[in-house]
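Structure first, commentary second.
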Amino acid sequence: MMILFLPILIPLLTIILLLIVRKKLAYQHILSVLSVVAQLIVALSIFNKLGESTILVAQAGGWPAPFGISFLADYTATILLIAVALLALPIVIYSIGFIDKVRQQGGLFVLYQGLILGVNGAFLTADIFNLYVWFEVMLISSFVLITLGAAKQQLRGSVKYLVMNLLGSSLFVAAIGLTYSQLGTLNMADIADKIMKQGSTPLLNSAIMLFFIAFGIKAAVFPFFFWLPASYPTPPIAITAFFGATLTKVGVYVMLRFYSLFANMDEAFWQPIIFIVAGLTMLFGVLMAASSYDIRKILSFHIISQIGYMLMGIGLFSLIGLAGALFFIVHNMFSKTAAFMAAGLIKRFKGSYDLNMLGGLYKSKPILAFLFLIPALSLAGIPPTSGFFGKLFLVMGGFQSGEWLITIVAIVVSILTLFSMIKIWNEAVWKPAEEKAVEPSNQKLNPLIIAASFAMTVFTLFLGLTVFWTFDSFTEAAAQLLNPQLYIDAVLNNNRPALN
Amino acid sequence: METEILKIAAKHLKPFLLILSLFVFYRGHNEPGGGFIGGLMAGMALVLYAGAFGVEEAKKLRLAKPLFFIGLGFGLALISSLLGLLVGQGGFMTAVWNQWQFAGFSLKLGSPLLFDLGVYFVVAGMLVKVIFSVMEEDV
């Protein structure tokens with residue numbers, strides 16, 4: 001099962017190589033692209049293997065399961081691995097053209113690989129302390145990425161980011177310590193097994209609560225979201241796009257995993273909490289987006305609002321709810337990245353992210369308008385885009401489970417999202433160009449930027465159009481999440497060293 | 001801040017700190033110590049020197065840029081984690097052990113030591129990189 005280590009080894013190897021060719025940007029570009037392509041191939045071949053034996057497990061160092069660190073790939077983890085590799089490719093290409101040379105030489109691509117390393121590790125690990133380490137890898141890379149270039153507003157945003165995330169990390173460690181003191185194990189399968197067999201203790205429940213608060217901070221859910229709009233809009237938009245697609249989604253993924261393994265047997269307690277948090281996250285995100293006039297801010301607030309939908313799927317914890325949540329995560333990764341990329345292009349052509357300064361895009365650059373239109377429609381949930389299907393499955397799941405309130409909130413928020421997207425569309429694209437607007441820059445635009453943005457838009461469109469073919473995999477993933485026993489058996493019964 | 005005491009102390013402590021860092025690093029093989037602490041000590045030797053003589057002087061003492069050491073450290077860690085596969089007696093990150101005998105000494109070395117050496121370089125490189133960047137800032 002060596003292949004499970006490749007998503008970690010490839011970025012690590014790339015980091016080493018990138019540090020060697022630090023001075024030569026051309027080599028850095030080629031290496032970064034090759035690395036991401038290799039990761040995509042690896043992720044796809046893991047997915048291919050899942051057909052044969054449902055869950056892949058590998059034990060690092062050959063230590064048997066509850067003692068060593070286990071790595072596990074089920075459908076959920078693999079789908080997300082593929083999604084991250086798939087969107088990392090356009091982001092790397094976009095960054096080559098978009099981000100200035102100084103930042104590129106400052107280690108941008110090394111940090112990208114560091115971020116991917118952390119994300120891949122967090123998807124695959126089955127050990128809570130190892131998970132903590134991957135979170136730290138992500139935190140370090142993302143913190144340097146936020147401050148890279150050290151513009152004043154970047155530093156201001158980064159302080160909030162760092163403080164909030166360090167707080168989250170310390171809660172995370174505290175929770176790990178509590179869990180270990182109660183159960184004497186850090187292996188996620190072993191913990192779940194012990195909770196199921198022995199039942200929960202009050203101290204263990206507080207540990208799980210701490211876990212959820214820690215991941216809530218990372219995922220920017222209500223009421224821990226305020227660091228996100230403060231920090232995300234500050235770095236160059238390619239970096240913002242990467243953050244929006246990975247960091248918060250890992251937080252949600254881990255919540256999903258933990259809910260499936262440690263909390264779902266206590267549904268009566270957890271479900272209302274998750275629903276309340278989900279509903280408030282949706283509402284707050286969308287209302288704040290409605291009151292902003294900066295494209296980056298609006299999109300950042302929508303990240304928060306859409307985290308609420310994913311949480312709703314976790315709370316439903318039904319086949320269609322979980323599959324919908326997972327589909328929604330992937331949809332959001334793609335659409336949000338595409339939207340940020342289009343916003344970057346708007347900035348390039350019109351010199352601003354401020355809606356008051358923009359206008360006339362449709363007249364001057366119709367292609368650009370199209371590049372923004374697709375992800376915007378997708379985020380708002382207009383058929384036949386991926387956003388529509390994601391919301392459809394969630395709403396169907398909500399009605400199926402009889403959770404009327406949260407479902408109605410989801411629908412209302414969806415309409416408000418549409419309002420936000422129409423606002424951007426009207427202000428930036430439709431209305432005549434502002435007189436005070438900055439003159440469209442005539443600087444030659446790197447074709448790589450447009451190609452990357454176009455590719456991301458096509459991915460978004462494709463995800464929506466192929467939903468009937470791909471949805472089986474999402475349902476498969478949801479079925480695995482619904483049955484944590486599969487996870488436990490896969491990890492604990494696979495005691496053979498990796499050699500055999 | 002220019003003080004003669006600090007200068008002399010830094011000058012003479014530097015080799016001791018470096019040797020001590022290697023000792024602590026090797027001691028970490030079986031006892032408390034290890035690459036992290038050793039790397040911190042090695043980095044501190046240079047940082048102390050920079051504190052006394054200034055960053056520019058200290059930079060002349062470096063064998064290579066800190067980023068080189070960070071890369072080297074990652075490389076060593078990666079190699080040590082793959083050794084288990086190459087030698088064929090285990091999987092990824094499996095330790096490989098070997099015993100050397102010479103002149104009455106018996107030395108048992110394994111790939112964990114190589115991994116630790118990687119940690120040593122990463123920590124030392126990172127420390128020097130970070131602290132030098134900050135020290136340069138306020139000049």
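None of the figures in this text is laboratory data; all of them are computed from the coordinates on show. Just so it is clear, the model here is predicted, and its values are computed rather than measured. Cβ: placed from backbone, ideal geometry, glycine included. Neighbour counts: every protein chain shown.
Here are the numbers for the structure shown:
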item: Whether region A:24-174 is rounded, prolate or oblate, judged on the alpha carbon gyration tensor where a/c under 1.5 counts as rounded; result: oblate
item: Positive-end residue of A:Gly324, A:Ala73, A:Val412, charge dipole of region A:2-492 with Cβ unit charges; result: A:Val412
item: Rounded, prolate or oblate (a/c below 1.5 giving rounded, otherwise prolate when a/b exceeds b/c) for the protein assembly as shown by Cα gyration tensor; result: oblate
item: Count of lysine pairs in region A:327-395 with Cα separation under 25 Å (8 or more residues apart, or interchain); result: 9
item: Mean Cβ neighbour count within 10 Å, used as a protection proxy, ranking A:165-178, A:379-392 highest first; result: A:379-392, A:165-178
item: Centroid-to-centroid separation of region A:234-293 and region A:327-402 [C-alpha atoms, Å]; result: 18 Å
item: Among A:Leu155, A:Met421, A:Leu87 the positive-end extreme of the charge dipole of the protein assembly as shown (Cβ point charges); result: A:Leu155
item: Top positive-direction residue, dipole computed over region B:4-137 with Cβ charges, set B:Phe16, B:Ala95, B:Val119; result: B:Phe16
item: Most mobile of B:Gly51, B:Gly35, B:Gly104 in a GNM of chain B (Cα contacts under 10 Å); result: B:Gly104
item: Relative contact order of chain A, pairs being alpha-carbon contacts under 8 Å that are 6 or more residues apart, as %; result: 18 percent
item: Assigned charges on the beta-carbon of Lys, Arg, Asp, Glu; region B:4-137 dipole about Cα centre (debye); result: 200 debye
item: Assigned charges on the beta-carbon of Lys, Arg, Asp, Glu; chain A dipole about Cα centre (debye); result: 1600 debye
item: Normalised contact order of region A:170-252, rounded percent, pairs of Cα under 8 Å and 6 or more residues apart; result: 29 percent
item: Whole-angstrom gap from region B:119-138 to region A:460-489, using each part's C-alpha centre; result: 45 Å
item: Angle in degrees between helix A:404-424 and the longest Cα principal axis of chain A, rounded to the nearest 10; result: 30 degrees
item: Assigned charges on the beta-carbon of Lys, Arg, Asp, Glu; region A:362-439 dipole about Cα centre (debye); result: 120 debye
item: Taking chain B and dividing mean pair separation by its residue count, relative contact order in percent (alpha carbons under 8 Å, at least six apart); result: 28 percent
item: Shielding by partners, peptide A:15-24 (average Cβ within 10 angstrom, other chains); result: 4
item: Fewest-first sequence of B:Glu57, A:Glu427 by Cβ atoms within 10 Å of each Cβ; result: B:Glu57, A:Glu427
item: Cβ-defined net charge surrounding A:Ser200, 14 Å radius [Lys, Arg +1; Asp, Glu -1]; result: -1
item: Helical contribution to [θ] at 222 nm, DSSP H n ≥ 4, -39,500 (n - 2.57), averaged over chain A, rounded to 500; result: -25000 deg cm²/dmol
item: In degrees, nearest ten, helix A:128-147 long axis to first principal axis of chain A (Cα); result: 10 degrees
item: Order of A:Thr281, A:Thr417 under a 10 Å beta carbon neighbour criterion, fewest first; result: A:Thr417, A:Thr281
item: Whichever lysines have a C-alpha closer than 24 Å to that of B:Lys59, once near sequence neighbours (fewer than 8 apart) are set aside; result: A:Lys23, A:Lys24, B:Lys7, B:Lys11, B:Lys14, B:Lys129
item: Cα centroid of region B:5-30 to Cα centroid of region A:123-137, whole Å; result: 34 Å
item: Value of [θ]222 nm, deg cm²/dmol, for chain B, DSSP H segments ≥ 4, -39500 (n - 2.57) each, nearest 500; result: -24500 deg cm²/dmol
item: Sequence-distant lysines (8 or more away, or on other chains) whose Cα lies within less than 16 Å of A:Lys160; result: A:Lys152, A:Lys218, A:Lys297
item: Cα long-axis angle, helix A:152-183 against chain A (0 to 90 degrees, to the nearest 10); result: 10 degrees
